[in-house]
1. If neighbour count is taken as other Cβ atoms inside 10 Å, put T6, T55 in order from fewest to most.
2. Starting from the 7 Å offset along Cα-to-Cβ, what nm value, one decimal, do you get for the label separation of M1 and E19?
3. Give me the extension gain from L97 to V323: residue separation times 0.36 nm, minus the current Cα-Cα distance, reported in nm with one decimal.
4. Using a cut-off of under 15 Å, list every residue of region 290-306 whose amide N is near the label point 7 Å from the Cα of Q273 along the Cα-to-beta-carbon line.
5. Could you list H255, H179 so that the one with the fewest beta carbons within 10 Å of its beta carbon is first and the one with the most is last?
6. Rounded to the nearest 0.05, what FRET efficiency is calculated for R71 and A308 with R0 set to 35 Å and r the Cβ-Cβ distance?
7. Quote the FRET efficiency, to the nearest 0.05, computed for Q246 versus R215 with a Förster distance R0 of 51 Å and r equal to the Cβ-Cβ distance.
8. Subtract the Cα-Cα distance of A264 and F282 from 0.36 nm times their separation in residues, and report this length gain in nm to one decimal.
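Any read-out appearing in this document is the output of simple, stated calculations on the displayed coordinates, not a laboratory observation. Computed from a prediction, not measured in an experiment: that's the story for all the values here. Here the Cβ is made from the backbone with ideal geometry for all residues, glycine too, and neighbour counts use every protein chain on show.
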Amino acid sequence: MTAVRTVDRIELDNLALGEVHRLRVRLIDNGLGDDYCVPALVAQGRYPGPVLGVTAAVHGNELNGIPIIQRLMADIAVDELCGSVVAVPVVNIPGYLENRRELAPGFDLNRLMPGKPDGTAGQVYAHRFVRRVIAPMHYLIDLHTASFGRVNSLYVRADMRSPATAEMARLQGPQIIVHNEGADGTLRSAAADLGIQAITVEVGDPQRFQRDLIRSSLRGIYNVLGHLRMLPMSSDPPRGKAVLCQRSYWIYTDHGGVLEVFPALTERVQAGQRIARVTNIFGDVVREYTASCDGVVVGKSTNPVAQAGARILHLGIEATGEVLPPRQGDPFL
Ligand SMILES: [Zn+2]
């Protein structure tokens with residue numbers, strides 16, 4: 001087994017070429033004064049090329065990305081690799097250890113990026129992660145899943161008006177792509193602010209491993225490696241036939257009770273179609289919900305226990321064409 005080294009930051013110039021390195025990157029000191037580290041694997045190709053990052057478990061209970069990264073880094077042909085792959089199987093260590101989405105209760109790490117050098121504990125964690133781990137990357141694939149009590153299609157959130165990220169999104173072969181420029185505080189937007197081409201891939205459900213989705217996402221990463229000419233590919237990597245959405249939004253309950261959501265994932269619904277109902281605990285229907293416009297089901301709630309304000313369904317609004325118009329002045333791959 002390769003030794004694990006503890007480092008202050010990922011410095012690619014200090015890592016030997018032609019090897020996969022196992023690192024622990026110091027982020028903060030805990031209340032005992034001990035190092036609190038994130039694990040990272042770095043494949044250092046023998047030939048020059050870009051740096052592709054792959055991150056998982058920014059939300060601590062979103063785990064499908066862990067075996068994706070383990071397999072990627074176990075099998076990668078490092079002798080043929082051009083450039084480097086930096087992979088972090090768990091970004092949110094406290095959340096992972098506590099089987100929790102957040103960094104700490106009420107603190108979503110994916111709303112704290114890029115953090116602050118002199119802020120709260122969460123902001124410092126985010127800041128140092130971005131500075132010490134993310135900064136050397138040129139491209140980033142951030143792997144997530146649905147949250148507890150919800151299920152997702154295999155979908156990608158990406159800025160589809162940027163040719164570079166649009167191409168990365170298509171290469172994942174997802175069922176759905178949602179155009180989204182990146183909410184403030186997300187790792188994707190913090191990476192984009194550093195000039196890194198970044199997408200978010202939603203891989204199934206939380207707190208479990210789903211073999212088919214893991215395999216499919218791994219293929220998506222290899223497609224990007226091939227497209228970037230980081231690994232040899234015998235032919236051009238395939239682009240999936242994803243449903244492209246120009247935007248998406250969640251529909252919420254306004255009445256508490258027992259929630260049933262009717263459409264299946266990736267199903268197309270029409271304006272006015274009944275999508276959910278809430279009954280009281282005695283079985284009387286107290287609310288029925290209909291789609292306010294035509295769309296496709298990106299994700300949905302599976303948890304019947306719904307307070308007022310609970311999520312019902314994530315509706316994607318399809319784009320009229322196959323592509324969105326590119327933003328002027330964007331670097332093209
Ligand atoms: Zn997530």
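1. T6, T55
2. 1.8
3. 77.3 nm
4. Within reach of a label on Q273, which here means backbone N under 15 Å from a point 7 Å along Cα→Cβ, region 290-306 contributes 290-300.
5. Details: H255 15, H179 23.
Result, fewest neighbours first: H255, H179.
6. Values: r = 43 Å, r/R0 = 1.22.
Efficiency computed from Cβ-Cβ geometry: 0.25.
7. With R0 = 51 Å, the Cβ-Cβ based efficiency is 0.95.
8. Working: separation 18, 0.36 × 18 = 6.48 nm, distance 2.60 nm.
Result for the pair: 3.9 nm of gain on full extension.
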